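K.L.:
Structure in structure tokens, see below.
The values are calculated or read from the model by the stated rules, or taken from the named source; none is laboratory data. All of these numbers come straight from a predicted model, not from anything done at the bench. Backbone-built Cβ (ideal geometry, glycine too); neighbour counts: all protein chains shown. Heavy atoms of the whole protein, side chains included, go into the accessibility calculation; ligands, DNA and RNA do not. Shrake-Rupley method; radii C 1.70, N 1.55, O 1.52, S 1.80 Å.
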There are 2 protein chains.
Amino acid sequence: MESCTNEDLDAIIETNLNSEQLKQFNRIFYGQEDHCELKLRLSTLMASKNENFQVCGYSFAASKEEARSPRILKFGLVQHSIVLPTHKPLKEQRDAIFQKVGKIIDVAASEGVQIICLQEVWSAPFFLCTREKNEWIEFVESPTDGPSIQFLAPLAKKYSMVIISPILELDENNVWWNTVVVINENGKVMGKHRKNHLPSVGSFSETSYYSPGNTGHPVFDTKYGKIAINICYGRHQALNWLMFALNGAEVVFNPAATISEFGESFWGIEARNAAVANSYFTAGINRVGTEVFTVKNKYEEKQISRTYYGSSYVTAPNGVRTPSLSKCSDGLLIAEVDLNLCRQVKDHWGFNMTSRLDMYAKELNAVK
Amino acid sequence: MESCTNEDLDAIIETNLNSEQLKQFNRIFYGQEDHCELKLRLSTLMASKNENFQVCGYSFAASKEEARSPRILKFGLVQHSIVLPTHKPLKEQRDAIFQKVGKIIDVAASEGVQIICLQEVWSAPFFLCTREKNEWIEFVESPTDGPSIQFLAPLAKKYSMVIISPILELDENNVWWNTVVVINENGKVMGKHRKNHLPSVGSFSETSYYSPGNTGHPVFDTKYGKIAINICYGRHQALNWLMFALNGAEVVFNPAATISEFGESFWGIEARNAAVANSYFTAGINRVGTEVFTVKNKYEEKQISRTYYGSSYVTAPNGVRTPSLSKCSDGLLIAEVDLNLCRQVKDHWGFNMTSRLDMYAKELNAVK
């Protein structure tokens, strides 16, 4: 992994502002004057040091209610780099990622994480910039019994943890999809969702690999809360976020693979804006590290290098967000939230009540 | 006007970070490493000092094209406080605001501003927190020949300037509306738009004054560019922003009247997010100062005080935004933009091309 050239911005701000200034900065840019940090276990801090990944935890409270008990959910996000160079045998590459991510999931479990979301195409390098297909077919797998699911299902069961696994899917007709699989706390596949909006920007021409998803906007009613997944580029589409809200989501995960030129300056506001607009929690997850590919065929020979900027973060429905995980290093972000906050915020702001969806349905129908 | 308790955040950041750190901060939070400031005229700087209002100017360039010449537009935003206490005769209050805003428009004209947008209900205190109606009727006016239009139309003609005037409208049936009137460069009313989404949050119960707008999402094809207006609370509705884009807007103004408790921490990201999502320029305008009202009737007697936080700003379709105007003082923000940037960004990101609106029209129709 390439070392980062920039010091993380959150650290710069914290170092250079005095405490009053920092409160003001946090209030405007993060939604509250002080972050509520979770106290982590000593074993977590040691694992973080030994295995070289960052761990942060934050809590989000809600007001007490007479009619409902608090509904506390602890969820986690994992961002990571690949382990081996991309020219190594694909199975070796994947196994090395399994080993690394498995250790992070172990730590998440020890912290009581109930739902965890991995990054887009987590068990492979993001080879979709190569425009090659057949060379990478070993990374395209069954959503019910492919290697990624076989690896994760026992962990889900062992830890009673819901695991969200974004993979590349090969369906029964050998058609590719960009898919997330939701594994329940018993290690069973609850269902899947296929990426609704595909980028064709610069070298990320995903439309040459698969079609836009045909699974609509499912919300998974897990044991621990109602969740949905907006995959990567879908974060640019307000209606994608909206439909998950209308279908009842309380947390929407946005697993991504995105590089600096692709809007790093609005990475920090799109998922945050969506949390506010839709009165749910959002979680953006982006990979880290540099991935180098050599493309060699009868038309061209080139080396492609892509550096991902990490910066995963969580936002509450009231707009309060965590700092970002590092731009460079592997990381686990834990959020302890009270899901009651979703309805409380929705009731307070009334954005849903005032949304006039019937008017927009008509107007959208009339668009030529 | 109450003096501000917090130093402006942009100034704090600029003072405390070194130049490399500031570039990194600007790149992430404002979309580019350095702001492109416009050089202002000496007479502007003197007027700013003498009349005690802030003036800032920024430019946004686009790439050169073979098929189109640059389409340069200079637009302005005005944020201001009221002048007289709210118990004074209403006509006196309004005339005092006219005098102040007239001077700012004069300066804007001298800088070559072609389109200017005033704040929500610009010619009155924002009395909608009182829940009184009849007491304030003098501030509710005809959109074709009310006092605000009579004051602005000659200025529009004199300066060949399009002026966007957000007022409270009294229609021919004595029904109230929250309306913006667009006056063209000849001083004629081009049309109007009525606020689509109304807040009923805390004491801002606008639904007791008027109904949600019935004018859809008009885009005004002015001499200088295609513009639309998303009034205040409508900024929380992604579909409101979207429809203006689908109808062809190149600049969407968001005149508002909003206080700290109403989401100051996402004021800076909602209009910015909308600019990115919809490939157009956006401009958020919020009033400043503290307004105090005494409500006295047979049910209650109380004093209401509301402090508005200003912080008006402009964002380009590529996510690059200006710093905010002050939280406290009157201000004029000037943006010199090349409207060609809208299509360039739309072509680059493809958010419109990949939006699958037919799918969403069906899904929204099916919402119960």
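K.L.:
What about B:Ser326, is it assigned to a loop (DSSP other than H, G, I, E, B) and at negative phi?
P.N.:
Yes; evaluated as a whole, the condition is true for this residue.
K.L.:
Let me ask another. Filter the stretch A:344-360 down to the residues that are in a helix (DSSP H, G or I) and touching an Asp or Glu at 6+ places or on another chain (Cβ under 9 Å) and list them by number.
P.N.:
A:Gln344
Okay, residues lined up against (1) β-branched (Val, Ile, Thr); (2) within 22 Å of the chain's Cα centre (by Cα); (3) within 24 Å of B:Ser265 (Cα to Cα):
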| site | (1), (2), (3) |
| --- | --- |
| A:Asp10 | no, yes, yes |
| A:Glu20 | no, no, yes |
| A:Leu45 | no, no, no |
| A:Asn52 | no, yes, no |
| A:Val55 | yes, yes, no |
| A:Phe60 | no, yes, yes |
| A:Glu65 | no, no, no |
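K.L.:
Go through (1) within 11 Å of chain B (Cβ to nearest Cβ); (2) surrounded by fewer than 20 Cβ atoms within 10 Å (Cβ to Cβ); (3) closer than 24 Å to A:Ala361 by Cβ one by one and return the number of the condition A:Gly248 breaks.
P.N.:
Unmet for A:Gly248, out of (1) within 11 Å of chain B (Cβ to nearest Cβ); (2) surrounded by fewer than 20 Cβ atoms within 10 Å (Cβ to Cβ); (3) closer than 24 Å to A:Ala361 by Cβ: (1).
K.L.:
Which count do you get for residues in the stretch B:237-264 that are in contact with a Gly (Cβ under 7 Å, 6 or more places away or on another chain), at pLDDT 95 or above and either small (Gly, Ala, Ser) or not in a helix (DSSP H, G or I) (or both)? Explain how you work it out, then say what you get.
P.N.:
Restricting attention to the stretch B:237-264, the residues satisfying the condition of being in contact with a Gly (Cβ under 7 Å, 6 or more places away or on another chain) are B:240, B:250-251, B:254, B:256, B:263.
Still in the list and also at pLDDT 95 or above: B:240, B:250-251, B:254, B:256.
Next, only the ones that are either small (Gly, Ala, Ser) or not in a helix (DSSP H, G or I) (or both) stay: B:250-251, B:254, B:256.
Qualifying residue count for the region: 4.
K.L.:
Which residue is farthest from B:Phe293 (Cα to Cα), if the candidates are limited to the stretch B:140-150 and must be open to solvent by less than 10 Å² (accessible area, probe 1.4 Å) and part of a helix (DSSP H, G or I)?
P.N.:
Looking at residues that are open to solvent by less than 10 Å² (accessible area, probe 1.4 Å) and part of a helix (DSSP H, G or I), I get B:Ile149.
K.L.:
Okay, moving on. Look through B:Leu73, B:Leu40, B:Leu84 and report the one residue that is farther than 27 Å from A:Glu20 by Cα, more than 22 Å from the chain's Cα centre (by Cα) and not aromatic (Phe, Trp, Tyr).
P.N.:
Answer to the check: B:Leu84.
K.L.:
Output yes when any residue across the stretch A:227-236 is in a loop (DSSP other than H, G, I, E, B), surrounded by fewer than 24 Cβ atoms within 10 Å (Cβ to Cβ) and away from chain B (no Cβ under 12 Å), and no when none is.
P.N.:
Looking for residues that are in a loop (DSSP other than H, G, I, E, B), surrounded by fewer than 24 Cβ atoms within 10 Å (Cβ to Cβ) and away from chain B (no Cβ under 12 Å), one finds none in the stretch A:227-236, hence no.
K.L.:
Can you pull out the residues in the stretch A:313-323 that are open to solvent by 10 Å² or more (accessible area, probe 1.4 Å) and either part of a strand (DSSP E or B) or over 30 Å from B:His197 (Cα atoms) (or both)?
P.N.:
Listed by number, the residues that qualify are A:Arg321, A:Pro323.
K.L.:
Identify all residues within the stretch B:276-312 that are assigned to a strand (DSSP E or B) and open to solvent by 20 Å² or more (accessible area, probe 1.4 Å); write none if there are none.
P.N.:
Listed by number, the residues that qualify are B:Thr290, B:Val292, B:Thr294, B:Lys296, B:Glu301, B:Lys302, B:Gln303, B:Ser305, B:Arg306, B:Thr307.
K.L.:
Also, quick follow-up: Which residue out of B:Ile137, B:Ile105, B:Ile115, B:Ile97 is modelled with pLDDT of 95 or more and touching a helix residue (DSSP H, G or I) at 6+ places or on another chain (Cβ under 7 Å)?
P.N.:
Checking each option against the conditions leaves just B:Ile105.
K.L.:
Further, regarding this structure: Hey, among A:Ser265, A:Ser260, which residue is in contact with a helix residue (DSSP H, G or I) (Cβ under 6 Å, 6 or more places away or on another chain), within 14 Å of chain B (Cβ to nearest Cβ) and open to solvent by 10 Å² or more (accessible area, probe 1.4 Å)?
P.N.:
Going through A:Ser265, A:Ser260 in turn, the sole match is A:Ser265.
K.L.:
Also, quick follow-up: I need the full set of residues from the stretch B:60-103 which are among the β-branched types (Val, Ile, Thr) and under 22 Å from B:Thr222 (Cβ atoms), in order please.
P.N.:
Correct list: B:Ile72, B:Val78, B:Val101.
K.L.:
While we're here: Do any strands (runs of 3 or more DSSP E) lying entirely in the stretch A:54-129 carry at least 2 residues that are under 23 Å from A:Leu332 (Cβ atoms) and open to solvent by 10 Å² or more (accessible area, probe 1.4 Å), and which ones are they?
P.N.:
A:54-60, A:72-79
K.L.:
Oh, and also: Yes or no: A:Asn273 within 9 Å of chain B (Cβ to nearest Cβ) and open to solvent by 10 Å² or more (accessible area, probe 1.4 Å)?
P.N.:
Against the criterion (within 9 Å of chain B (Cβ to nearest Cβ) and open to solvent by 10 Å² or more (accessible area, probe 1.4 Å)), A:Asn273 qualifies.
K.L.:
Go through the residues of the stretch B:310-326 one by one and say whether even a single one is more than 14 Å from every other protein chain (Cβ to nearest Cβ) and more than 19 Å from B:Tyr30 (Cα to Cα).
P.N.:
No, the stretch B:310-326 contains no residue that is more than 14 Å from every other protein chain (Cβ to nearest Cβ) and more than 19 Å from B:Tyr30 (Cα to Cα).
K.L.:
Same structure again: Taking A:Ala316 and the conditions (1) in contact (Cβ under 8 Å) with a residue 12 or more places away in the chain; (2) farther than 21 Å from A:Tyr58 by Cα, which numbered condition does it fall short on, given that it satisfies the others?
P.N.:
Status for A:Ala316: all satisfied but (2).
K.L.:
Out of curiosity, is B:Asn214 facing chain A (nearest Cβ under 10 Å), open to solvent by less than 10 Å² (accessible area, probe 1.4 Å) and at pLDDT 95 or above?
P.N.:
no
K.L.:
Please indicate, with yes or no, whether at least one residue in the stretch A:101-123 is more than 21 Å from the chain's Cα centre (by Cα) and touching a residue at least 40 places away in the same chain (Cβ under 8 Å).
P.N.:
No, the stretch A:101-123 has no match at all.
K.L.:
Give the number of residues within the stretch A:205-221 that are under 24 Å from A:Met161 (Cβ atoms) and in a strand (DSSP E or B).
P.N.:
Number satisfying all stated conditions: 2.
K.L.:
Filter the stretch B:329-348 down to the residues that are within 14 Å of chain A (Cβ to nearest Cβ) and either among the hydrophobic types (A, V, I, L, M, F, W, C) or surrounded by 22 or more Cβ atoms within 10 Å (Cβ to Cβ) (or both) and list them by number.
P.N.:
Matches in the stretch B:329-348: B:Val345 only.
K.L.:
Filter the stretch B:18-37 down to residues that are in contact with a strand residue (DSSP E or B) (Cβ under 7 Å, 6 or more places away or on another chain) and facing chain A (nearest Cβ under 10 Å), then give me how many there are.
P.N.:
Here is the first cut: in the stretch B:18-37, the ones in contact with a strand residue (DSSP E or B) (Cβ under 7 Å, 6 or more places away or on another chain) are B:30-31, B:35-37.
Now restrict to residues that are facing chain A (nearest Cβ under 10 Å): B:30-31.
The qualifying residues number 2.
K.L.:
Search the stretch A:349-368 for residues being more than 7 Å from chain B (Cβ to nearest Cβ) and under 29 Å from the mean Cα position of the chain (by Cα), and hand back the single one that is nearest to B:His236 (Cα to Cα).
P.N.:
My answer is A:Asn352.
K.L.:
Among the residues of the stretch B:130-139, write down those that are closer than 21 Å to B:Gly289 by Cα and either among the β-branched types (Val, Ile, Thr) or assigned to a helix (DSSP H, G or I) (or both).
P.N.:
B:Thr130, B:Trp136, B:Phe139
K.L.:
I'm trying to understand the selection: among the residues of the stretch A:142-160, which are out of contact with any Asp or Glu (no Cβ under 7 Å at 6 or more places or on another chain), closer than 24 Å to A:Leu73 by Cβ and not aromatic (Phe, Trp, Tyr)?
P.N.:
Of everything in the stretch A:142-160, those that are out of contact with any Asp or Glu (no Cβ under 7 Å at 6 or more places or on another chain), closer than 24 Å to A:Leu73 by Cβ and not aromatic (Phe, Trp, Tyr) turn out to be A:Ile149, A:Leu152, A:Ala153, A:Pro154, A:Leu155, A:Lys157, A:Lys158.
K.L.:
Follow-up question, since we're still on this one. Would you mind telling me which numbered condition in (1) farther than 19 Å from B:Ser110 by Cα; (2) surrounded by fewer than 17 Cβ atoms within 10 Å (Cβ to Cβ); (3) not basic (Lys, Arg) B:Pro154 fails?
P.N.:
(1)
K.L.:
Here is a list: A:Asn178, A:Asn196. Which entry is open to solvent by less than 20 Å² (accessible area, probe 1.4 Å), closer than 24 Å to A:Ile104 by Cβ, of a type in the set (S, T, N, Q) and within 14 Å of chain B (Cβ to nearest Cβ)? Break it down into steps so the answer makes sense when it comes.
P.N.:
Numbers: A:Asn196 fails: closer than 24 Å to A:Ile104 by Cβ.
The conditions single out A:Asn178.
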